[in-house]
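Chemist: Below is the structure I would like to discuss, written out as structure tokens.
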Amino acid sequence: MSETADRVRKIVVEHLGVEADKVTEDASFIDDLGADSLDIVELVMAFEEEFGVEIPDEAAEKITTVKDAINYIDEHQG
Amino acid sequence: MRRVVVTGLGLVTPLGGDVETTWKNIIASKSGAATITRFDATDFQTNYACEVKPADHEYGFDAGKRVDHKIQRQVDPFIVYGIDAAGQAIEDAGLTDMSEEERFRAGCSIGAGIGGLPGIESESLVLEHKGPKRVSPHFVHGRLINLISGQVSIKYGLMGPNHAVVTACSSGAHSIGDAARMIALDDADVMLAGGAEGAICPIGIAGFGQARALSGGFRDDPTRASRPWDQGRDGFVMGEGAGVVVLEEYERAKARGAKIYAEVVGYGMSGDAYHVTAPHPEGSGALRSMQMAVKKSGLNLSDIDYVNAHGTSTPMGDELELGAVRRLFGNDIETMSMSSTKSAIGHLLGGAGAVESIFCILAMRDQIVPPTLNLDNPSENCAGVDLVPHKAKERKVKAILNNSFGFGGTNASLVMKAI
């Protein structure tokens with residue numbers, strides 16, 4: 001697993017209070033990890049802080065799985 | 001009017017994460033006061049308070065027991081304390097498995113005086129230093145006072161009245177009194193009622209300090225700081241935590257064979273209409289509040305065995321309350337006992353009235369009244385009143401009076417009796 005993936009998973013575990021092994025790359029934040037729309041806003045903020053990227057609202061709306069987040073960050077990180 | 005009884009209790013206090021631990025420590029004359037650990041308060045008006053202790057402490061609170069990790073992160077401590085105390089109470093009452101029909105008739109009235117001050121403080125700093133796009137999306141609903149009632153209703157599916165009282169330090173007592181009326185007036189059959197607070201943070205200590213309300217002279221030994229009616233008292237010690245009771249319509253409770261702790265028989269309310277922080281100089285608001293509660297109860301003053309005083313350990317408030325109690329009871333003051341448990345757990349502000357109501361209920365259960373700690377040299381006007389100095393006292397306790405008074409000149413009194 002990439003370094004980005006590791007850091008993303010850590011943030012998800014911390015914010016959603018879920019078991020680490022449930023945070024697979026295919027896991028959907030809402031359907032599999034019990035997040036609601038505000039939790040996703042919070043997660044996106046945490047990703048922005050952690051990786052120094054900006055994730056505009058229209059991009060954030062498309063981030064529904066762990067893999068979506070990792071891909072976006074890898075594509076946009078300085 | 002329908003009769004209302006108490007069938008469940010829940011406590012989170014500086015002396016325990018549950019009812020029995022707290023009560024054991026109260027009766028053993030322990031103090032929950034210590035140097036503040038949440039932040040460095042060295043340069044503040046005071047550097048001590050009665051904090052709820054961490055889970056690994058001898059009488060600590062384990063937030064993880066009843067509150068999801070995610071919710072703990074999103075909300076202020078007062079909400080966490082409130083959810084847990086409500087959970088304890090509904091478990092104690094044996095009402096966690098109510099049918100949908102029963103839950104339509106079960107509600108929440110859990111208030112607070114101040115609400116999410118620590119979170120308001122910390123997120124304001126985020127706004128200042130990082131800008132609006134870094135403020136938590138959970139900021140608002142993680143700080144609002146009615147969000148204990150909201151969270152608890154969601155957790156247990158309670159679809160009856162959803163209410164939250166905000167009357168400063170009278171919130172807990174008003175919450176119980178108002179909820180009892182909702183049951184008496186047939187708006188609900190079951191109510192989770194009480195109050196919580198968690199305002200031990202820099203702006204909270206600074207604010208109350210600047211209002212000249214806090215004790216500050218006992219840095220060497222904070223356990224001596226809260227000393228209601230003692231000549232050396234110099235202000236209140238801030239506490240935190242929550243108290244929640246299950247109130248239930250009497251016939252319903254009896255029919256299901258519930259354990260009945262007490263009946264709520266009297267409730268009085270008044271306003272001082274005098275000053276925002278100072279009590280009325282003749283204690284007239286306090287007196288009228290108590291008079292109304294006693295009148296509604298149908299009891300004689302000689303029936304009331306124990307008064308849990310507001311007794312915050314402020315120079316003016318303690319004297320005025322005692323004067324009002326003296327006028328109310330007349331000669332009957334000689335046979336009752338009155339104490340302030342704020343001497344042990346500090347002032348829980350919006351949680352105080354609820355936590356202290358539970359102490360009153362336990363006093364009736366165990367026939368013992370809790371002590372007033374640190375009452376070494378009582379003020380002159382204390383003569384002839386049993387203020388239960390230092391040590392708990394076994395005695396008959398069949399009926400109680402509980403007082404709470406708040407900033408804004410808001411007064412609440414509750415009378416309960418054993419069944």
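Chemist: How large, in percent, is the carbon and sulfur part of the accessible surface of segment B:2-254 at a probe radius of 1.4 Å?
Modeler: Carbon and sulfur together cover 52 percent of it.
Chemist: Among all the lysines, which ones have a C-alpha under 20 Å from residue B:133's C-alpha, if same-chain residues fewer than 8 places away are not counted?
Modeler: List returned: A:62.
Chemist: Sorted by mean Cβ packing within 10 Å, highest first, what order do the peptides B:162-168, A:7-13, B:131-137 take?
Modeler: B:162-168, A:7-13, B:131-137
Chemist: Still on this structure, please answer the following. For chain B, with a Gaussian network of springs between Cα atoms less than 10 Å apart, report the residue from B:312, B:13, B:277 with the top mean-square fluctuation.
Modeler: Evaluated over chain B, the most mobile residue of the options is B:277.
Chemist: I need the Debye-formula profile for segment A:1-74: one equal scatterer per C-alpha, no solvent, reported as log10 I(q)/I(0) at q = 0.12, 0.15, 0.21 1/Å, two decimals.
Modeler: Here the Debye-derived log intensity ratios amount to -0.25, -0.40, -0.84.
Chemist: Pull up the cross-link candidates among the lysines for residue B:24, meaning alpha carbon to alpha carbon under 24 Å and not fewer than 8 places away within one chain.
Modeler: Answer for residue B:24, where 24 Å is the Cα cut-off: B:53, B:65, B:259, B:342, B:391, B:393, B:396, B:398, B:417, listed by chain and number.
Chemist: Still on this structure, please answer the following. Taking chain B as a Gaussian network, where each spring joins two C-alpha atoms under 10 Å apart, which residue of B:94, B:107, B:409 fluctuates the most?
Modeler: Maximum among the listed residues: B:94.
Chemist: For segment B:2-254, what does the accessible surface come to per residue with a 1.4 Å probe? Please give it in Å².
Modeler: 37
Chemist: What percentage of the solvent-accessible surface of segment B:268-415, computed with a 1.4 Å probe over protein heavy atoms, is contributed by carbon and sulfur atoms?
Modeler: On segment B:268-415, the fraction of accessible area on carbon and sulfur atoms equals 53 percent.
Chemist: Based on a Kirkwood Rh over C-alpha pairs, give the Stokes-Einstein translational diffusion coefficient of segment B:266-419 at 10 °C and viscosity 1.306 mPa s in µm²/s.
Modeler: 105
Chemist: Right, here's the next one. Give the percent of DSSP beta bridges with both residues in the protein assembly as shown that are antiparallel, rounded to the nearest 5.
Modeler: The antiparallel fraction comes to roughly 65 percent.
Chemist: Follow-up. Which distance in nm do the two modelled labels at residue B:73 and residue B:162 give, with both placed 7 Å along the Cα-to-Cβ direction?
Modeler: Those two pseudo-labels are separated by 2.4 nm.
Chemist: At a Förster distance of 51 Å, what's the computed FRET efficiency of residue A:48 paired with residue B:276, Cβ-Cβ distance as r, to 0.05?
Modeler: 0.75
Chemist: With label points built 7 Å along Cα→Cβ from the Cα atoms of residue B:65 and residue A:74, find their separation and express it in nm.
Modeler: 4.5
Chemist: Related question: Could you tell me what fraction of 2.2 N^0.38 Å the Cα radius of gyration of segment B:2-254 comes to, as a two-decimal ratio?
Modeler: 1.03
Chemist: Explain nothing, just compute: Karplus ³J(HN,Hα) = 6.51 cos²θ - 1.76 cosθ + 1.60, θ = phi - 60°, for every residue of segment B:307-316 in order, whole Hz, x for Gly and Pro.
Modeler: 10, 8, 6, 4, x, 8, 5, 8, x, 7
Chemist: Find which of B:37, B:237, B:203 sits farthest along the positive direction of the dipole of the protein assembly as shown, computed with +1 on the beta-carbon of Lys and Arg, -1 on that of Asp and Glu, about the Cα centre.
Modeler: B:237
Chemist: Rounded to the nearest 500, what is the 222 nm mean residue ellipticity of chain B from helices alone, with -39500 (n - 2.57) per DSSP H run of 4+ residues and division by all residues?
Modeler: Only helices count here, giving -10000 deg cm²/dmol.
Chemist: Per-residue Cβ counts within 10 Å, from other chains only, averaged over A:41-50: what number is that?
Modeler: Taking all residues of A:41-50 together, the mean is 2.
Chemist: Taking every pair of alpha-carbon atoms in segment B:119-267, give the share separated by more than 24 Å as a whole percent.
Modeler: 52
Chemist: How many Å² of accessible surface get buried when A and B come together, counting both sides, probe radius 1.4 Å, rounded to the nearest 100?
Modeler: When A and B are taken together, about 1200 Å² of accessible area is lost.
Chemist: Now for a different question. Sticking with the crude label model, points 7 Å out along Cα→Cβ, report the distance from residue A:21 to residue B:186 in nm, one decimal please.
Modeler: Modelled inter-label distance: 5.6 nm.
Chemist: Report, to two decimal places, the Cα Rg of the protein assembly as shown normalised by 2.2 N^0.38 Å (N = number of residues).
Modeler: Relative to the rule-of-thumb radius for its length, the protein assembly as shown sits at 1.03.
Chemist: Quick check: residue separation of residue B:43 and residue B:366 times 0.36 nm, minus the Cα distance between them. What number comes out in nm?
Modeler: Roughly 112.0 nm would be gained on extension.
Chemist: Based on DSSP, what percent of beta bridges with both residues in chain B are antiparallel, to the nearest 5?
Modeler: Of all bridge pairs located within chain B, approximately 65 percent are antiparallel.
Chemist: Given segment B:233-323, report the % of alpha carbon pairs whose separation exceeds 15 Å.
Modeler: 72
Chemist: OK, next. May I ask you to compute the full-extension gain from residue B:210 to residue B:391, defined as 0.36 nm times their residue separation minus their alpha-carbon distance, rounded to one decimal in nm?
Modeler: Contour length minus the Cα-Cα distance gives 61.8 nm.
Chemist: Give me the extension gain from residue B:34 to residue B:383: residue separation times 0.36 nm, minus the current Cα-Cα distance, reported in nm with one decimal.
Modeler: Gain in length upon complete extension: 122.6 nm.
Chemist: Sticking with this structure for a sec: So which lysines can residue A:10 reach, going by Cα to Cα under 17 Å and dropping same-chain residues fewer than 8 places off?
Modeler: Within the straight-line cut-off, residue A:10 pairs with A:22, A:67, B:70.
Chemist: So, one more: Per residue of B:255-263, what is the mean number of Cβ atoms on other protein chains within 10 angstrom of that residue's Cβ?
Modeler: Neighbouring Cβ atoms belonging to other protein chains average 0 per residue here.
Chemist: Residue by residue through A:4-16, how many Cβ atoms from other chains fall within 10 Å of the Cβ on average?
Modeler: 1
Chemist: Connecting C-alpha atoms closer than 10 Å in a GNM of chain B, tell me which of B:230, B:76, B:220 has the biggest fluctuation.
Modeler: Residue with maximal mean-square fluctuation among B:230, B:76, B:220: B:220.
Chemist: Estimate the FRET efficiency between residue B:335 and residue A:31 by the formula 1/(1 + (r/R0)^6), using the beta-carbon distance for r and 60 Å for R0, to the nearest 0.05.
Modeler: 0.35
The values are calculated or read from the model by the stated rules, or taken from the named source; none is laboratory data. Treat the numbers as computed from the prediction; the structure is a model and nothing was measured. Virtual Cβ from ideal backbone geometry, glycine too; neighbours counted across all protein chains shown. Ligands, DNA and RNA are stripped out before the accessible areas are found, and what is left, the full protein with its side chains, is counted by its heavy atoms. Shrake-Rupley method; radii C 1.70, N 1.55, O 1.52, S 1.80 Å.
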